[in-house]
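Below: the structure, in C-alpha coordinates.
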Amino acid sequence: MQVERRVDIDKFDNTTVGLLVATANRSILVVEDIDCSVELHDRVQVETEKDTAKDKAAKKEHKVTLSGFLNFIDGLWSSCGDERIIIFTTNRKEKLDPALVRPGRMDVHIHMSYCTPSVFRMLAFNYLGVTEHDLFEDIDELISHVDVTPAEVAEQLLKDNDPDIALGGLIAFFDVKRKENEEAKAKLKEEEAKLAAIEREKKKLQKKLKKLSAKTSEKKQQEEPATEIEKKQEEKTATEIEKKQQEDGVDD
(Lines give C-alpha, C1' and ligand atoms only; values in the text may rest on other atoms or scores of the structure.)
Protein backbone atom coordinates (compact mmCIF):
# COMPACT_ATOMS: atom_id res chain seq x y z
CA MET A 1 0.00 0.00 0.00
CA GLN A 2 1.44 3.34 -1.05
CA VAL A 3 1.33 6.12 1.55
CA GLU A 4 0.94 9.73 0.45
CA ARG A 5 3.77 11.94 1.67
CA ARG A 6 3.38 15.70 1.85
CA VAL A 7 6.43 17.94 2.08
CA ASP A 8 6.48 21.58 3.17
CA ILE A 9 7.93 23.47 0.20
CA ASP A 10 9.85 25.80 2.57
CA LYS A 11 11.74 22.82 4.01
CA PHE A 12 12.21 21.11 0.65
CA ASP A 13 16.02 21.11 0.50
CA ASN A 14 16.25 19.66 4.00
CA THR A 15 13.90 16.77 3.27
CA THR A 16 14.65 15.99 -0.39
CA VAL A 17 17.23 13.29 0.22
CA GLY A 18 15.13 11.49 2.80
CA LEU A 19 12.05 11.69 0.58
CA LEU A 20 13.81 10.23 -2.45
CA VAL A 21 15.43 7.42 -0.48
CA ALA A 22 12.13 6.52 1.19
CA THR A 23 10.12 6.61 -2.06
CA ALA A 24 9.44 3.19 -3.51
CA ASN A 25 9.98 2.30 -7.16
CA ARG A 26 7.14 2.92 -9.63
CA SER A 27 5.94 5.94 -7.64
CA ILE A 28 4.39 9.24 -8.64
CA LEU A 29 5.71 12.38 -6.93
CA VAL A 30 3.67 15.57 -7.13
CA VAL A 31 5.20 18.98 -6.32
CA GLU A 32 2.53 21.69 -6.37
CA ASP A 33 2.94 25.40 -7.11
CA ILE A 34 6.68 25.46 -7.70
CA ASP A 35 6.36 29.09 -8.85
CA CYS A 36 5.69 30.07 -5.20
CA SER A 37 9.37 29.61 -4.35
CA VAL A 38 11.40 32.78 -5.05
CA GLU A 39 14.60 30.79 -5.54
CA LEU A 40 13.15 28.98 -8.58
CA HIS A 41 12.28 32.14 -10.48
CA ASP A 42 14.13 33.17 -13.61
CA ARG A 43 17.59 34.25 -12.40
CA VAL A 44 17.95 36.95 -15.08
CA GLN A 45 14.62 38.50 -14.15
CA VAL A 46 15.32 38.35 -10.43
CA GLU A 47 18.71 40.05 -10.81
CA THR A 48 17.14 42.98 -12.66
CA GLU A 49 14.59 43.64 -9.93
CA LYS A 50 15.48 45.69 -6.86
CA ASP A 51 15.05 43.88 -3.57
CA THR A 52 13.17 45.60 -0.81
CA ALA A 53 13.86 44.87 2.85
CA LYS A 54 10.72 42.75 2.94
CA ASP A 55 11.81 40.70 -0.07
CA LYS A 56 15.21 40.06 1.47
CA ALA A 57 13.63 38.86 4.70
CA ALA A 58 11.33 36.55 2.74
CA LYS A 59 14.26 35.08 0.83
CA LYS A 60 16.03 34.21 4.05
CA GLU A 61 12.98 32.28 5.21
CA HIS A 62 12.80 30.17 2.04
CA LYS A 63 15.02 27.09 2.06
CA VAL A 64 14.38 26.02 -1.53
CA THR A 65 17.30 26.60 -3.87
CA LEU A 66 17.53 26.09 -7.61
CA SER A 67 20.55 23.83 -7.16
CA GLY A 68 18.73 21.61 -4.68
CA PHE A 69 15.68 21.43 -6.91
CA LEU A 70 17.70 20.47 -10.00
CA ASN A 71 19.46 17.73 -8.02
CA PHE A 72 16.06 16.51 -6.94
CA ILE A 73 14.87 16.24 -10.55
CA ASP A 74 17.85 14.71 -12.38
CA GLY A 75 20.91 15.04 -10.14
CA LEU A 76 22.79 12.38 -8.19
CA TRP A 77 20.03 11.75 -5.69
CA SER A 78 17.39 11.39 -8.42
CA SER A 79 18.95 8.04 -9.37
CA CYS A 80 17.91 6.49 -6.03
CA GLY A 81 15.12 4.37 -7.51
CA ASP A 82 13.51 3.39 -10.79
CA GLU A 83 10.36 4.17 -12.75
CA ARG A 84 9.41 7.39 -11.01
CA ILE A 85 7.09 9.99 -12.50
CA ILE A 86 7.52 13.51 -11.12
CA ILE A 87 4.67 15.97 -11.71
CA PHE A 88 5.06 19.71 -11.12
CA THR A 89 2.26 22.26 -11.16
CA THR A 90 2.57 26.01 -11.67
CA ASN A 91 0.39 28.96 -12.59
CA ARG A 92 3.33 31.06 -13.85
CA LYS A 93 5.58 28.96 -16.05
CA GLU A 94 7.19 32.08 -17.55
CA LYS A 95 8.62 33.05 -14.15
CA LEU A 96 10.52 29.78 -13.68
CA ASP A 97 14.22 29.54 -14.45
CA PRO A 98 14.90 28.17 -17.98
CA ALA A 99 17.24 25.57 -16.48
CA LEU A 100 14.27 24.09 -14.64
CA VAL A 101 11.88 23.73 -17.59
CA ARG A 102 14.28 22.88 -20.40
CA PRO A 103 13.72 19.74 -22.55
CA GLY A 104 15.23 16.66 -20.96
CA ARG A 105 14.49 17.91 -17.47
CA MET A 106 10.75 18.37 -17.83
CA ASP A 107 9.86 16.09 -20.71
CA VAL A 108 6.13 16.79 -21.10
CA HIS A 109 4.43 20.18 -20.69
CA ILE A 110 0.64 20.10 -20.38
CA HIS A 111 -1.31 23.34 -20.48
CA MET A 112 -4.53 23.10 -18.47
CA SER A 113 -6.61 25.64 -20.36
CA TYR A 114 -10.11 26.96 -19.83
CA CYS A 115 -13.00 24.64 -20.52
CA THR A 116 -13.63 23.75 -24.17
CA PRO A 117 -16.78 22.27 -25.79
CA SER A 118 -15.22 18.81 -25.95
CA VAL A 119 -14.24 18.95 -22.27
CA PHE A 120 -17.73 20.13 -21.36
CA ARG A 121 -19.32 17.18 -23.16
CA MET A 122 -17.02 14.79 -21.32
CA LEU A 123 -17.97 16.39 -17.99
CA ALA A 124 -21.66 16.24 -18.88
CA PHE A 125 -21.35 12.53 -19.59
CA ASN A 126 -19.38 11.86 -16.40
CA TYR A 127 -21.68 13.81 -14.07
CA LEU A 128 -25.07 13.61 -15.79
CA GLY A 129 -24.73 10.54 -18.00
CA VAL A 130 -25.87 12.37 -21.16
CA THR A 131 -24.17 12.60 -24.54
CA GLU A 132 -26.74 14.82 -26.27
CA HIS A 133 -29.06 17.58 -25.08
CA ASP A 134 -30.97 20.51 -26.56
CA LEU A 135 -28.87 22.97 -24.52
CA PHE A 136 -25.50 21.63 -25.67
CA GLU A 137 -25.25 23.98 -28.66
CA ASP A 138 -26.06 27.03 -26.54
CA ILE A 139 -23.49 25.99 -23.96
CA ASP A 140 -20.86 25.36 -26.66
CA GLU A 141 -21.43 28.91 -27.93
CA LEU A 142 -21.12 30.36 -24.43
CA ILE A 143 -17.92 28.41 -23.73
CA SER A 144 -16.37 29.91 -26.87
CA HIS A 145 -16.88 33.45 -25.52
CA VAL A 146 -16.66 33.09 -21.71
CA ASP A 147 -13.54 31.90 -19.86
CA VAL A 148 -14.45 29.25 -17.30
CA THR A 149 -12.39 26.43 -15.84
CA PRO A 150 -13.44 22.76 -16.04
CA ALA A 151 -13.66 22.78 -12.23
CA GLU A 152 -16.23 25.60 -12.34
CA VAL A 153 -18.30 23.70 -14.90
CA ALA A 154 -18.13 20.51 -12.86
CA GLU A 155 -19.26 22.39 -9.75
CA GLN A 156 -22.39 23.56 -11.58
CA LEU A 157 -23.15 20.10 -12.96
CA LEU A 158 -22.95 18.64 -9.46
CA LYS A 159 -25.80 20.80 -8.19
CA ASP A 160 -28.55 18.61 -9.61
CA ASN A 161 -28.93 15.13 -11.10
CA ASP A 162 -31.58 16.33 -13.56
CA PRO A 163 -29.80 17.31 -16.81
CA ASP A 164 -32.38 20.01 -17.62
CA ILE A 165 -31.94 21.71 -14.26
CA ALA A 166 -28.15 21.27 -14.11
CA LEU A 167 -27.56 22.55 -17.66
CA GLY A 168 -30.00 25.42 -17.16
CA GLY A 169 -28.12 26.40 -14.03
CA LEU A 170 -24.86 26.21 -16.00
CA ILE A 171 -26.21 28.67 -18.59
CA ALA A 172 -27.23 31.06 -15.79
CA PHE A 173 -23.72 30.68 -14.35
CA PHE A 174 -22.21 31.64 -17.72
CA ASP A 175 -24.21 34.89 -17.68
CA VAL A 176 -22.84 35.74 -14.23
CA LYS A 177 -19.32 34.75 -15.27
CA ARG A 178 -19.51 36.87 -18.40
CA LYS A 179 -20.39 39.96 -16.36
CA GLU A 180 -17.54 39.22 -13.95
CA ASN A 181 -15.10 38.84 -16.84
CA GLU A 182 -16.28 42.10 -18.44
CA GLU A 183 -15.89 43.93 -15.12
CA ALA A 184 -12.44 42.45 -14.64
CA LYS A 185 -11.39 43.49 -18.17
CA ALA A 186 -12.77 46.99 -17.63
CA LYS A 187 -10.89 47.27 -14.34
CA LEU A 188 -7.70 46.03 -15.98
CA LYS A 189 -8.12 48.55 -18.78
CA GLU A 190 -8.64 51.31 -16.22
CA GLU A 191 -5.51 50.26 -14.34
CA GLU A 192 -3.52 50.22 -17.58
CA ALA A 193 -4.80 53.72 -18.40
CA LYS A 194 -3.70 54.94 -14.95
CA LEU A 195 -0.27 53.39 -15.39
CA ALA A 196 0.04 54.97 -18.84
CA ALA A 197 -0.91 58.38 -17.40
CA ILE A 198 1.66 57.97 -14.62
CA GLU A 199 4.28 57.02 -17.21
CA ARG A 200 3.47 60.12 -19.27
CA GLU A 201 3.77 62.35 -16.20
CA LYS A 202 7.05 60.67 -15.36
CA LYS A 203 8.42 61.42 -18.83
CA LYS A 204 7.29 65.06 -18.53
CA LEU A 205 9.07 65.40 -15.19
CA GLN A 206 12.20 63.84 -16.65
CA LYS A 207 12.16 66.38 -19.51
CA LYS A 208 11.71 69.26 -17.05
CA LEU A 209 14.57 67.98 -14.89
CA LYS A 210 16.75 67.63 -17.97
CA LYS A 211 16.03 71.22 -19.03
CA LEU A 212 16.63 72.49 -15.49
CA SER A 213 19.90 70.60 -15.33
CA ALA A 214 20.98 72.08 -18.68
CA LYS A 215 20.12 75.62 -17.52
CA THR A 216 22.03 75.12 -14.26
CA SER A 217 25.04 73.82 -16.15
CA GLU A 218 24.91 76.77 -18.58
CA LYS A 219 24.62 79.29 -15.75
CA LYS A 220 27.56 77.70 -13.99
CA GLN A 221 29.66 77.93 -17.14
CA GLN A 222 28.77 81.62 -17.48
CA GLU A 223 29.65 82.34 -13.85
CA GLU A 224 33.04 80.64 -14.00
CA PRO A 225 34.68 83.13 -16.46
CA ALA A 226 33.35 86.08 -14.45
CA THR A 227 34.81 84.58 -11.29
CA GLU A 228 38.13 84.04 -13.03
CA ILE A 229 38.21 87.70 -14.18
CA GLU A 230 37.46 88.91 -10.65
CA LYS A 231 40.25 86.73 -9.30
CA LYS A 232 42.77 88.11 -11.78
CA GLN A 233 41.62 91.68 -10.97
CA GLU A 234 42.12 91.07 -7.25
CA GLU A 235 45.59 89.64 -7.89
CA LYS A 236 46.47 92.69 -10.04
CA THR A 237 45.22 95.10 -7.37
CA ALA A 238 47.20 93.28 -4.66
CA THR A 239 50.34 93.46 -6.80
CA GLU A 240 49.92 97.18 -7.40
CA ILE A 241 49.37 97.83 -3.68
CA GLU A 242 52.47 95.82 -2.79
CA LYS A 243 54.51 97.66 -5.42
CA LYS A 244 53.36 101.05 -4.14
CA GLN A 245 54.23 100.11 -0.55
CA GLN A 246 57.70 99.12 -1.70
CA GLU A 247 58.13 102.46 -3.52
CA ASP A 248 56.97 104.38 -0.43
CA GLY A 249 59.54 102.53 1.63
CA VAL A 250 62.36 103.50 -0.75
CA ASP A 251 61.38 107.22 -0.59
CA ASP A 252 61.53 107.15 3.19
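The values are calculated or read from the model by the stated rules, or taken from the named source; none is laboratory data. Remember, predicted model here, so these are calculated numbers, not experimental data. All Cβ positions, glycine included, derive from the backbone under ideal geometry; neighbour counts span all protein chains shown. Calculation scope for accessible area: heavy atoms of the full protein, side chains included, ligands and nucleic acids excluded. Shrake-Rupley method; radii C 1.70, N 1.55, O 1.52, S 1.80 Å.
Out of curiosity, is residue 135 hydrophobic (A, V, I, L, M, F, W, C), surrounded by 10 or more Cβ atoms within 10 Å (Cβ to Cβ) and closer than 25 Å to residue 118 by Cα?
On the way: hydrophobic (A, V, I, L, M, F, W, C): yes; surrounded by 10 or more Cβ atoms within 10 Å (Cβ to Cβ): yes; closer than 25 Å to residue 118 by Cα: yes.
The answer is yes for residue 135.
Could you please let me know if residue 116 is closer than 26 Å to residue 91 by Cα and modelled with pLDDT of 90 or more?
So residue 116 fits the description; yes.
Just name the residue that is nearest to residue 115 (Cα to Cα) out of those in the stretch 158-175 that are of a type in the set (A, V, I, L, M) and open to solvent by 80 Å² or more (accessible area, probe 1.4 Å).
First, pick out the residues of the stretch 158-175 that are of a type in the set (A, V, I, L, M): 158, 165-167, 170-172.
If we keep only those that are open to solvent by 80 Å² or more (accessible area, probe 1.4 Å) as well, we get 158, 165.
Working: 158: 16, 165: 20 Å.
Looking at residues that are of a type in the set (A, V, I, L, M) and open to solvent by 80 Å² or more (accessible area, probe 1.4 Å), I get 158.
Would you be able to tell me the number of residues in the stretch 87-102 that are closer than 24 Å to residue 153 by Cα, open to solvent by less than 80 Å² (accessible area, probe 1.4 Å) and out of contact with any Leu (no Cβ under 9 Å at 6 or more places or on another chain)?
1
Of everything in the stretch 103-132 that's of a type in the set (D, E, K, R) and within 28 Å of the chain's Cα centre (by Cα), which residue is surrounded by the most Cβ atoms within 10 Å (Cβ to Cβ)?
For the stretch 103-132, the residue satisfying everything is 105.
Any chance the stretch 147-156 includes a residue that's at pLDDT below 90 and either surrounded by 12 or more Cβ atoms within 10 Å (Cβ to Cβ) or of a type outside the set (Ser, Thr, Tyr) (or both)? Show your work before the answer.
Within the stretch 147-156, the first condition is being at pLDDT below 90, and the residues that meet it are 147.
Add one more test, that the residue is either surrounded by 12 or more Cβ atoms within 10 Å (Cβ to Cβ) or of a type outside the set (Ser, Thr, Tyr) (or both), and what stays is 147.
Yes, because at least one residue in the stretch 147-156 is at pLDDT below 90 and either surrounded by 12 or more Cβ atoms within 10 Å (Cβ to Cβ) or of a type outside the set (Ser, Thr, Tyr) (or both).
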